[in-house]
Amino acid sequence: MFIKERLFTPGPVPLPPQVIKALGQQIIHHRTPEFTKIFLDVRKKLQKLLKTERDVILLASSGTGGMEASVLNFFRKGDRVLIINAGKFGQRWKELAETFELKVIDYEISWGKTYDKEKVLQIIGEFPDIKGIFVQQSETSTTTYHDVKFLGEVSNKLEDCILVVDGITSVGVYEVYPEELGIDVLITGSQKALMLPPGLAVVYFSEKAEKRLEKSNIPKYYFDLKKEAKKQKNGQTAYTPAINLIIALNESLSLMLDEGIENLAKRHHILAEATREAVKEIGLKLLSESPSNSATGVYSPAGINADDLRKQLLKIGFRVAGGQDHLKGKIFRIAHMGYFDFNDIIQVISGLEMALYKIGFDIEIGKGVKKAQKIILENS
Ligand SMILES: *Cc1c(COP(=O)(O)O)cnc(C)c1O
């Protein structure tokens, strides 16, 4: 039978029609007043999204480029930093910090759990010279949410410490206002909740972080944020920008701001709750003890390989993500960030039930869908 493929992976995510339309235009030159106007519009909208008046830098790179830029620009070799390492992307912070010769305190947390506040205080007590705390607000590999406000308070009490947050799957899902949360450096990327193809990274930095730009002694060329900040204030970039992506970002930011960030966060909460409750109703177990609203990680039932289940799901029309590293074959992840509404959740839960039935899991068809419908009705 003919089947449409529906994308439910935590990056890339589906594109809204307005974005697809913007991407399908002839290119314009970037050293023109026309592009400068669009760039300054985008900058203003990003500032609105993050409720700030400060610089928000755009880089032509994937999200990891933004992560690398924040290590390069705000630290010195030998700086001691604390990494909240609770998954694949926490691990990436550690690898980046080590690559550029920072001294890493690796707070390793088992996958699916969040950090322990007491433990953080204990580490800080032992090493008051810490220059940075690195965390994912939403750790996509384990679909776990980490509270950044507490870390902001901790960081602020230290003499010279900044909080660096990977917000790649939290910006556009939650209300992420760095100035209210005590975040000094915040990164996001285009192919997650910003609803664009990959290729753009966004970096916000606080006044406190800005002072570090002068002092940083790690070699860099392309990812020089001081140089970029100067250019971008005036609507230009140091090098050729990702012109079409920036034009499309102008559209996706309008969609987000028209919905309102508070409403957008509420919608993501309802979609995530409906997914989580439906999955539990079916009899499956969630991966995370502190689940993120961007995607839901689920253990495959005993005796069923998660990747076999994913193949079944694909046959029915749903592409979901698998587990990484030691979670491979054990879990699957359903994304619900960006261009998703409640009908998408009903569909994917229905697909999951059918795939489980086909693969031989003892299931009462419709139970999960009913639960999702109930949650949505109660919350809208
Ligand atoms: C996707 C993702 C990244 C990596 O982004 P790339 O665009 O693949 O470089 C980093 N952190 C988190 C939390 C992510 O979800």
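Please treat every number below as a calculation from the coordinates, not as lab data. Here the structure is a predicted model, which is why all the values come from computation and not from measurement. As a convention, Cβ positions derive from the backbone with ideal geometry for all residues, glycine included, and neighbour counts pool all protein chains shown.
Overview of results
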{"read-out": "Under-5 Å amide H pairs with LEU102, H placed in peptide plane, nonlocal only", "value": "GLY78"}
{"read-out": "Rg over Rh [alpha-carbon atoms, Kirkwood Rh] for the range 80-161", "value": "0.94"}
{"read-out": "DSSP-assigned coil residues among chymotrypsin sites (Phe, Trp or Tyr not before Pro) in the range 192-241, each with at most 13 further Cβ atoms within 10 Å", "value": "TYR221, TYR239"}
{"read-out": "Within the chain, percent of DSSP bridges classed antiparallel, to nearest 5", "value": "50"}
{"read-out": "Value in Å of the Kirkwood radius, where the range 261-379 supplies the Cα pairs that are averaged", "value": "14.1"}
{"read-out": "Net charge contributed by nearby residues that have their C-beta within less than 12 Å of PRO301 (K/R +1, D/E -1)", "value": "0"}
{"read-out": "Environment charge of LYS215, counting only residues whose C-beta is closer than 13 Å and scoring Lys/Arg +1, Asp/Glu -1", "value": "+3"}
{"read-out": "Model label zone, SER254; criterion: amide N under 18 Å from point 7 Å along Cα-to-beta-carbon; scope the range 49-82", "value": "49"}
{"read-out": "Cα-based helix-to-principal-axis angle, 342-358 vs the chain, degrees rounded to 10", "value": "50"}
{"read-out": "Paired Rg and Dmax values of the chain, which use every Cα atom, in angstrom", "value": "21.0, 64"}
{"read-out": "Label-to-label distance, nm, for residues given as GLU5 and LYS328 (7 Å Cα→Cβ offset)", "value": "2.1"}
{"read-out": "Around VAL42: net Lys/Arg minus Asp/Glu count, Cβ-Cβ under 11 Å", "value": "+3"}
{"read-out": "Choice from GLU281, GLU108, GLU214 with maximal GNM fluctuation in the chain (Cα, 10 Å cutoff)", "value": "GLU214"}
{"read-out": "Rounded FRET efficiency, nearest 0.05, which uses the C-beta distance separating SER380 from GLU34 and R0 of 35 Å", "value": "0.30"}
{"read-out": "For the range 261-379, with +1 on Lys and Arg beta carbons and -1 on Asp and Glu, the positive-most of HIS336, SER290, ILE359 along the dipole", "value": "ILE359"}
{"read-out": "Three-way shape call for the range 165-211 based on the alpha-carbon gyration tensor, with the a/c threshold at 1.5", "value": "oblate"}
{"read-out": "Gaussian network model of the chain, springs between alpha carbon atoms under 10 Å - residue of GLN232, GLN324, GLN191 with greatest fluctuation", "value": "GLN324"}
{"read-out": "Between helix 243-259 and the chain: long-axis angle, C-alpha atoms, 0 to 90°, nearest 10", "value": "70"}
{"read-out": "Cα-based shape type of the range 109-149, given that a ≥ b ≥ c are square roots of the gyration tensor eigenvalues and the cut on a/c is 1.5", "value": "prolate"}
{"read-out": "Under 14 Å from the Cα of LYS231 - aspartates and glutamates, other chains or at least 8 residues apart", "value": "ASP55"}
{"read-out": "Separation between Cα centres of the range 341-362 and the range 150-179, rounded to whole Å", "value": "36"}
{"read-out": "Rounded tilt (10° steps) of 306-316 against the dominant C-alpha axis of the chain", "value": "70"}
{"read-out": "Selected from THR52, THR296, THR142 as most flexible by GNM, with the chain as the system and alpha-carbon contacts under 10 Å", "value": "THR52"}
{"read-out": "Mean ellipticity per residue at 222 nm, deg cm²/dmol - from DSSP H runs of n ≥ 4 across the chain, formula -39500 (n - 2.57)", "value": "-14000 deg cm²/dmol"}
